[in-house]
1. Could you identify the single residue in ALA138, ALA130 that is closer than 30 Å to ARG398 by Cα, without any contact (Cβ under 8 Å) to a residue 24 or more places away in the chain and crowded, with 20+ Cβ neighbours inside 10 Å?
2. Does any residue of region 131-142 turn out to be assigned to a loop (DSSP other than H, G, I, E, B) and closer than 30 Å to LEU259 by Cα?
3. Within region 410-421, which residues are farther than 16 Å from SER188 by Cβ and touching a residue at least 60 places away in the same chain (Cβ under 8 Å)?
4. When you check LEU110 against the structure, is it farther than 28 Å from VAL148 by Cα, under 38 Å from the mean Cα position of the chain (by Cα) and at pLDDT below 90, yes or no?
5. Please count how many residues of region 259-293 are open to solvent by 20 Å² or more (accessible area, probe 1.4 Å) and either among the charged types (D, E, K, R) or part of a helix (DSSP H, G or I) (or both).
6. Is there a residue in region 153-170 that is of a type in the set (Phe, Trp, Tyr), assigned to a strand (DSSP E or B) and modelled with pLDDT of 90 or more?
7. Given the criteria among the small types (Gly, Ala, Ser) and open to solvent by less than 60 Å² (accessible area, probe 1.4 Å), does ALA174 qualify?
8. Report, by residue number, each residue of region 143-152 that is surrounded by fewer than 20 Cβ atoms within 10 Å (Cβ to Cβ), among the polar types (S, T, N, Q) and part of a loop (DSSP other than H, G, I, E, B).
Amino acid sequence: MIKSIQQFEESGIKKLEKIIESFMKDPKDMASFVYGIRDEVIALGLDLIKETLEDCNQMLCDSAKRKQSWEVVRTDGKKLTTCLGTVCFEKTLFRNKQTRKTAYLLDRILGIESHERLTEDAEAKLLEEAVQTSYRKAGEETSLTDRVSKQTVKNKLHRLTFPQLEETKPEKKAVEFLYIDADEDHVSLQFKEKKGDLEVGENNWKNNCVLAKLVYVYEGIEPESPKSKRHKLVNPHYFSGVYEGADNAKLWDEVYAYLDSYYDLKKVKKIYLNADGGTWIQSGKKRIAGITSVLDEFHLQKYLLKMTSHLKDSVDDARKELCDAIKSGTKADFQEVVERLKVCAETEATEKRIEESGCYILSNWTAAKIRLKDRETVKGCSAEGHVSHVLSSRMSSRPMGWSRTGVDKMAHLRAYYWNGGDMLELVRQQEQELPVAAGAENEVLSCESILRWERHRHNKLGKYIESINHSVSTEVKKYAWFNAHIWGL
C-alpha cells in the first residue's frame with residue numbers, strides 16, 4: 001500500500017496538477033476536468049486494492065507458521081472485477097505437506113472461490129441494474145471502467161437464493177383491517193422445457209406464456225401528501241414468483257408467515273382479499289383462515305360494461321339496476337336483469353357476451369356483493385397497476401423471451417427490490433459452499449490460524465513503524481500501520 005501512495009505522490013499528484021492547470025486555462029470545459037479527476041482517483045483506488053491483496057499474499061508466503069504445514073507450488077495471476085474496475089494481482093498456490101492437496105490460501109482469506117471473477121460490491125451493482133433494465137445494461141454498469149457479459153448476468157440471477165422470513169419476530173402490530181391484493185403477469189417464454197418445443201395454437205398464437213404471480217399485503221391507503229389527490233399503500237409488502245401446481249400453497253404459506261410475524265392476527269377484524277376470482281388466488285383462503293374475498297373494482301366494472309355497452313343512452317340506468325341487484329338483491333334478481341338485457345341484444349355475439357359476463361359475476365357473487373356493500377372498509381384494488389409497475393415494466397411490457405427459471409428469479413428479485421431490500425446484503429446471504437481445500441479435514445493448520453499467529457508476530461513491529469524515515473508523510477505512516485495491524489498480518 002505504501003508503494004501505491006508513494007507512486008501517487010510522485011506521478012499522480014503531478015497529473016492532478018496538470019488537470020487543474022488545464023481547467024484554469026479553460027474553465028468552461030468542466031466535463032474534462034471532472035473526468036480527469038475521476039480517472040486518477042479510480043486508478044489510485046485500483047492500485048491500492050492490487051497492492052493490498054499482493055501484500056497479504058506475500059505475508060502468507062513469508063509466514064514461518066505457514067511453512068510448517070504448507071509449501072509454495074507456484075504464483076498465478078488473478079483478475080477480480082470490482083465496482084471500480086478490474087484488479088489484476090498475483091496469488092500463490094500452496095500444497096499441504098500432509099494431504100498433498102493444493103489451495104490458494106488468499107482465496108480462503110477473501111472468502112471466494114478460485115474461479116470467481118466478481119467481488120461482492122460488483123455483484124450487488126450488477127443486481128441493482130438488472131432488476132430495473134436489461135442483462136446487457138446490467139453488465140455494462142457493473143463496473144466504472146469495465147463490463148461483464150449478458151451471460152454472466154443471467155448466470156448470477158439464476159443462481160440467486162432469497163432469504164426466508166427472519167425467525168426473530170419484532171413487536172407485532174395491532175390493526176383492525178388488513179388487505180391482500182393478488183394478480184398475475186403473463187410473461188413470454190423462449191421455450192417451455194427446451195429450445196424449439198413451443199406449440200402453435202389457434203390463430204397461430206404460440207402457447208408460450210408463464211404466470212408470474214404477485215401478492216402484496218398492506219394496511220390501507222392514505223394520501224401521498226396533505227394536498228395530493230393521489231394515494232399510496234400503507235406499509236406494503238410484496239411476494240412474487242412462478243408458483244405452479246403444489247408450489248402455489250408455498251406462496252400463500254409465505255404470505256401467512258409474514259402476517260403472523262408482523263401483525264397480531266387476534267386483533268385483526270377482517271382480512272380482505274381483493275382479486276379477480278382466479279383459482280390460484282381463491283386457494284389462499286385454504287391456507288389463511290378468516291379471509292374475506294372481494295371482487296376487485298376493475299373486473300367488476302369490466303363485466304358490467306360488457307353487459308351494457310350496446311344500450312347507448314340507457315347504459316347508466318342499466319348499470320345502476322345491475323349494481324342494485326348485486327348490492328341488495330338475490331341471484332335471481334340479477335339473472336332477471338341479465339335476461340332483459342339479452343332481449344335487447346341485436347346480435348348473437350352481444351347476447352353471448354352478456355351471458356358470459358353474467359355468469360362471471362354470478363360465480364363471484366358474494367365477492368361482488370361485498371365490493372358494493374362494504375364501501376367504508378373495503379379499499380379499491382390496485383392490483384392491475386401494481387402488476388404493471390412491479391412486474392410488467394421489467395418483464396413483459398416490451399418484446400422479451402424468458403426461461404422459466406429467469407421469470408421466477410426476476411419476479412422474486414423485483415419483489416425484493418420493491419420491499420426495499422439491500423442488494424449487497426442479498427449477495428452476502430448467498431450460500432456459497434467453497435470446496436474443501438487441501439484436505440481440510442486432516443489439516444494441522446488452518447489459514448485463519450496463520451493469520452492469528454502473524455498478527456501476534458507483527459504486533460511487535462510497532463517500534464519499527466515508529467522509526468520509519470521522517471521524510472515519509474504522516475498519511476503514508478497510517479497506511480503502513482494499517483498494513484501491519486488492521487489486516488492482522
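1. Details: ALA130 fails: without any contact (Cβ under 8 Å) to a residue 24 or more places away in the chain.
ALA138 is the lone residue from the list that is closer than 30 Å to ARG398 by Cα, without any contact (Cβ under 8 Å) to a residue 24 or more places away in the chain and crowded, with 20+ Cβ neighbours inside 10 Å.
2. So far as region 131-142 goes, yes, one or more of its residues are assigned to a loop (DSSP other than H, G, I, E, B) and closer than 30 Å to LEU259 by Cα.
3. Residues satisfying the conditions are HIS412, LEU413, ARG414, ALA415, TYR416, TYR417, TRP418, ASN419.
4. Details: farther than 28 Å from VAL148 by Cα: no; under 38 Å from the mean Cα position of the chain (by Cα): yes; at pLDDT below 90: yes.
Considered against the rule, which asks whether it is farther than 28 Å from VAL148 by Cα, under 38 Å from the mean Cα position of the chain (by Cα) and at pLDDT below 90, LEU110 comes out as no.
5. Within region 259-293, residues that are open to solvent by 20 Å² or more (accessible area, probe 1.4 Å) and either among the charged types (D, E, K, R) or part of a helix (DSSP H, G or I) (or both) number 15.
6. Taking every residue of region 153-170 in turn, none turns out to be of a type in the set (Phe, Trp, Tyr), assigned to a strand (DSSP E or B) and modelled with pLDDT of 90 or more.
7. Details: among the small types (Gly, Ala, Ser): yes; open to solvent by less than 60 Å² (accessible area, probe 1.4 Å): no.
Here the answer is no, as ALA174 does not meet what is asked.
8. Listed by number, the residues that qualify are THR145, SER149.
The values are calculated or read from the model by the stated rules, or taken from the named source; none is laboratory data. The model shown is predicted, which means the values in this text are computed figures rather than measured ones. So basically every Cβ, Gly included, is an ideal-geometry build from the backbone, and we count neighbours across all protein chains shown. Keep in mind that these areas ignore ligands, DNA and RNA; they rest on the heavy atoms of the full protein, side chains included. Shrake-Rupley method; radii C 1.70, N 1.55, O 1.52, S 1.80 Å.
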